[in-house]
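Computed from the coordinates by the stated procedures, all read-outs in this text should not be read as laboratory data. On a predicted model such as this, the values are computed, not experimentally measured, just so you know. Note that we place each Cβ from the backbone using ideal geometry, even for glycine, and neighbour counts take in every protein chain shown.
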Amino acid sequence: MANLRKTVRRRSRPPKFQVNWQALLVPPVVLAALIAFFVSGKTIFDRPVSQLIIEGPFQRVTAIQVEAALAPELGPGFLSIDLDRLRQRAESLDWIDSVKIRRVWPDKLVIGLTEHRAAARWGDHGLLNVRGELFTPNARHTFPELPRLAGPPGSEREVVEFYLAVRGRMAEASLMLGALHMDARGAWSMALAGGQKVRLGRHDIRRRLDTFFDVVAPVLATRFHEVDHVDLRYANGFAVGWLKAEPESGLSNTLEGYGNG
């Protein structure tokens with residue numbers, strides 16, 4: 001009789017899930033140790049700032065002014081002090097253009113300052129930098145050697161760009177610009193350092209400037225001290241207003257046929 005074999009299949013049981021509590025407890029312990037080390041280390045090393053080192057070629061701002069501006073933010077320790085807030089407070093000073101601050105272990109702050117470069121006066125008391133930004137509306141020093149620019153609120157950059165465009169041509173013509181003004185209607189006028197006024201108007205400004213530098217300046221090179229104003233608001237010429245009623249050379253008050261106006 002043949003032997004019968006019976007295969008018994010057992011149902012597989014899910015493996016038992018065993019938790020290694022000892023392994024799970026290690027990370028929190030390590031984390032707690034790290035936190036404790038950080039807190040204790042910060043407490044130990046986050047000492048008060050003992051010295052401010054101010055660097056940079058600056059003439060208009062004093063170290064005392066900088067220190068006074070930063071003092072309200074120096075309360076936190078060396079590590080926890082907010083450098084961005086310090087930078088903002090330093091840049092709030094009128095003459096400060098840019099600020100760089102770095103920590104020097106263990107308790108010093110090095111502050112590098114760059115001052116604005118004044119390019120022109122704005123209105124009665126303001127100063128513009130070389131980028132055409134009004135960096136102080138009430139300068140204590142008037143800087144009479146700088147040209148005086150003026151225009152409607154918000155026109156600072158446009159006026160400065162105009163000034164920079166004519167500055168080089170003024171030097172080539174051996175002239176100095178004393179003032180530049182744009183009125184609310186957009187009309188331009190200039191004044192030379194000697195007081196002579198140049199009226200440009202609102203239209204064809206580039207061509208009128210070409211007329212002034214290519215024609216007027218050479219023609220009047222030796223006579224500018226006798227000129228009160230030059231009016232370029234003509235279609236085909238310009239007018240000259242003299243300090244005296246009649247110019248000695250016989251030049252007429254209105255010179256037609258020069259330039260394109």
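With a simple spin-label model that places each label point 7 Å from the Cα along the Cα-to-Cβ direction, the separation between Arg167 and Ala187 comes to 2.8 nm.
Taking each residue as 0.36 nm, the span from Arg103 to Glu133 lengthens on full extension beyond its C-alpha to C-alpha distance by 7.8 nm. The mean of 1/r over all distinct Cα pairs in the range 44-164, once inverted, gives the Kirkwood hydrodynamic radius of 15.9 Å.
What does the charge count near His116 come to, summing +1 for each Lys or Arg and -1 for each Asp or Glu among other residues with Cβ under 11 Å from its Cβ? Taking every other residue near His116 into account, the sum is -2. Just check the range 137-194 against the gyration tensor rule for me: Cα atoms, a ≥ b ≥ c as the square roots of the eigenvalues, rounded for a/c under 1.5, and otherwise prolate or oblate depending on whether a/b exceeds b/c. Oblate, because a/c is 1.5 or more while a/b does not exceed b/c. A prolate overall shape is assigned to the range 66-109, the ratio a/c of its alpha-carbon gyration tensor axes (a ≥ b ≥ c) being 1.5 or greater and a/b exceeding b/c.
Loop-located GluC sites (Glu not before Pro) across the range 143-240 with a Cβ neighbour count of 10 or fewer within 10 Å are Glu145, with loop assigned by DSSP. Can you classify the range 97-166 as rounded, prolate or oblate using the Cα gyration tensor, where a ≥ b ≥ c are the square roots of its eigenvalues, rounded means a/c under 1.5, and otherwise it's prolate if a/b beats b/c and oblate if not? Prolate.
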